[in-house]
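Here it is, the structure in full.
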Ligand SMILES: Nc1ncnc2c1ncn2[C@@H]1O[C@H](COP(=O)(O)OP(=O)(O)OP(=O)(O)O)[C@@H](O)[C@H]1O
Ligand SMILES: [Mg+2]
């Protein structure tokens with residue numbers, strides 16, 4: 001995937017002069033020490049990251065870790081103290097006022113936690129506000145505003161006022177306003193944090209649905225790890241102004257790398273995060289005679305094997321007994337059973353477990369129905385054990401105070 005946004009060695013120091021703080025950080029000092037010695041607050045400490053075009057990139061961390069500072073540096077609501085922010089390879093940090101204004105108008109839109117709607121303007125006026133500032137004529141901006149309001153499901157509310165809307169609806173207006181400018185990069189700073197849990201879930205689903213067609217590049221700030229897992233293609237975790245872990249949701253849960261990150265991952269339901277591909281045994285050809293190919297796991301005696309056609313599509317399954325006969329020269333297609341299940345590689349383990357109850361052999365297939373692996377119960381259990389954190393020791397009997 002092409003890279004849309006790249007942050008390189010970004011620093012933000014809140015102080016009249018950043019020089020001393022930057023020198024201290026370069027020499028290995030941390031945020032606390034810099035504050036103690038210079039009084040400067042470190043917002044960002046040497047942050048680098050790369051956001052692929054079309055990705056939802058999550059920035060997650062505790063309060064004060066620097067998430068908003070990062071978001072605000074990207075369109076220079078905060079001026080970086082050092083470092084680069086490359087949008088399609090062009091450094092935003094060095095832009096002059098005019099160029100910067102142009103980037104904010106046409107390339108990067110922001111959605112905030114507290115909607116920031118104008119209370120005395122209607123929904124449609126709020127939606128078209130950015131376009132009005134850009135000097136887009138009334139008829140044109142109305143048309144565009146109507147279009148994006150219907151995208152976010154608010155067409156009927158165009159001539160109502162913000163106070164008549166629920167929190168979720170107001171946030172939809174915020175989103176519509178960001179979409180109206182046609183910017184291809186959206187920066188969303190905790191857009192759903194002020195919403196109650198049900199509405200929040202609804203908005204998350206809505207964003208995922210919209211993103212399937214919009215394919216914006218989204219930098220999404222959250223302090224909620226569950227939200228990061230649900231929405232993110234990649235997650236960056238921040239602590240004390242530093243980026244301490246970066247990767248796919250699955251890789252971060254598998255290998256948090258520090259106690260700080262591990263604490264977020266502890267309560268994650270692994271069976272909803274990991275998919276069939278992550279626990280399968282890769283398919284290997286074990287018998288091939290004529291146009292018959294049998295695929296399975298040679299290392300596990302007694303495990304199921306599958307007969308596939310020339311395109312690696314599953315035709316049937318063979319149990320251990322039939323497999324030995326095939327190895328001795330019997331025809332695989334005549335011995336195979338049609339009683340098997342196929343699951344897609346992206347099927348989550350909760351679903352796999354449901355299928356597994358039927359006790360039938362399971363094949364993992366890709367998007368073209370090609371066999372790519374097999375699922376064996378022992379392997380699934382072993383794998384789930386390895387991706388789950390050690391359980392707290394059970395308490396037996398009463399504890400004494
Ligand atoms: N304008 C400012 N002046 C001085 N310090 C600031 C300013 N803005 C942010 N900071 C400091 O920078 C650090 C990072 O703040 P930031 O707002 O980026 O955190 P955050 O991760 O967004 O937190 P939250 O989850 O609470 O929104 C904090 O120590 C904060 O005190
Ligand atoms: Mg913040």
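Read-outs throughout are calculated quantities, based only on the coordinates presented, and are distinct from any laboratory measurement. Since the structure is predicted, the reported quantities are computational estimates derived from the model, not experimental observations. Ideal geometry is used to build each Cβ from the backbone, glycine not excepted, and the neighbour counts take in all protein chains shown.
Under the definition of Cα pairs under 8 Å and six or more residues apart, what whole-number percent is the relative contact order of segment 335-381?
Relative contact order of segment 335-381: 34 percent.
Here is a follow-up. Hey, quick one: spin label on residue 132, modelled 7 Å out along Cα-Cβ, who in segment 99-126 has an amide N within reach, i.e. under 11 Å?
118-126
Could you list 114, 223 in order of exposure, starting from the residue whose Cβ has the fewest other Cβ atoms within 10 Å?
Going from sparsest to densest Cβ surroundings: 114, 223.
Let me ask you something else. How long are the semi-axes of the equivalent ellipsoid of the chain, defined as square roots of 5 times the Cα gyration tensor eigenvalues? Whole Å, largest first. Walk me through the numbers before you get to the answer.
On the way: eigenvalues 462, 163, 90 Å².
They are 48, 29, 21 Å, listed largest first.
Can you check what the Kirkwood hydrodynamic radius comes to for segment 80-141, Cα pairs only, in Å to one decimal?
13.9
Given just the C-alpha atoms of segment 192-235, how large is their convex hull per residue in cubic angstrom?
Hull volume over Cα atoms, normalised by residue count, gives 72 Å³.
While we're on this one: Over segment 62-129, what relative contact order in percent results from Cα pairs under 8 Å that are six or more residues apart? Before the final figure, lay out each step's value.
On the way: 23 pairs, mean separation 11.6, N = 68.
Answer for segment 62-129 is 17 percent.
If you don't mind, another one. If I take every Cα pair under 8 Å that is 6 or more residues apart in the chain, average their sequence separation and divide by the length, what percent do I get for the relative contact order?
After rounding, I find 15 percent.
Whole number please: convex hull volume per residue, Cα atoms of segment 276-386, in Å³.
Expressed per residue, the convex hull around the Cα atoms of segment 276-386 is 86 Å³.
Sticking with this structure for a sec: In nm, give the distance between the simple-model label positions of residue 269 and residue 36, each being 7 Å from the Cα along the Cα-to-Cβ direction.
4.4
From zero outward in steps of 10 Å, how is the percent of C-alpha pairs of segment 48-180 spread across the bins?
Percent of pairs per bin, in order: 11, 36, 33, 18, 2.
So if I take the centroid of the Cα atoms in segment 236-290 and the same for segment 361-390, what is the distance between those two points in Å?
After rounding, the separation between the Cα centres reads 14 Å.
Write down the radius of gyration of segment 315-367 and its Dmax, each obtained from C-alpha positions, in Å.
Using the Cα atoms of segment 315-367, the pair Rg, Dmax is 13.1, 39 Å.
Ratio of Rg to Rh for segment 1-68, alpha carbon only, Kirkwood?
We get a ratio of 1.06 for segment 1-68.
When DSSP beta bridges are limited to those with both residues in the chain, what percentage is antiparallel, rounded to the nearest 5?
Details: 41 of 64 bridges.
Close to 65 percent.
Another question about this same structure. Taking all pairs of different Cα atoms in segment 258-318, averaging 1/r and flipping that mean, what Kirkwood radius in angstroms comes out?
14.3
Compare 94, 181, 217 in a GNM of the chain, Cα atoms joined below 10 Å, and give the one with the largest fluctuation.
Its mean-square fluctuation being the largest, the pick is 94.
In degrees from 0 to 90, rounded to the nearest 10, what is the angle of the helix 138-151 Cα long axis to the longest principal axis of the chain?
With both axes taken from Cα atoms, the answer is about 30 degrees.
Using only Cα atoms, find the angle between the long axis of helix 97-106 and the longest principal axis of the chain, and express it within 0 to 90 degrees, rounded to the nearest 10.
Taking the Cα atoms of the chain, the angle to 97-106 is about 50 degrees.
Per-residue ellipticity at 222 nm for the chain, helices alone: DSSP H runs ≥ 4 residues times -39500 (n - 2.57), over residue total, nearest 500 deg cm²/dmol?
It lands at -10000 deg cm²/dmol.
Could you order the peptides 342-353, 63-74, 125-136, 257-268 from most to least packed, using the average number of other C-beta atoms within 10 Å per residue?
Values: 342-353: 17.1, 63-74: 21.3, 125-136: 19.2, 257-268: 14.8.
For the peptides 342-353, 63-74, 125-136, 257-268, the packing ranking is 63-74, 125-136, 342-353, 257-268.
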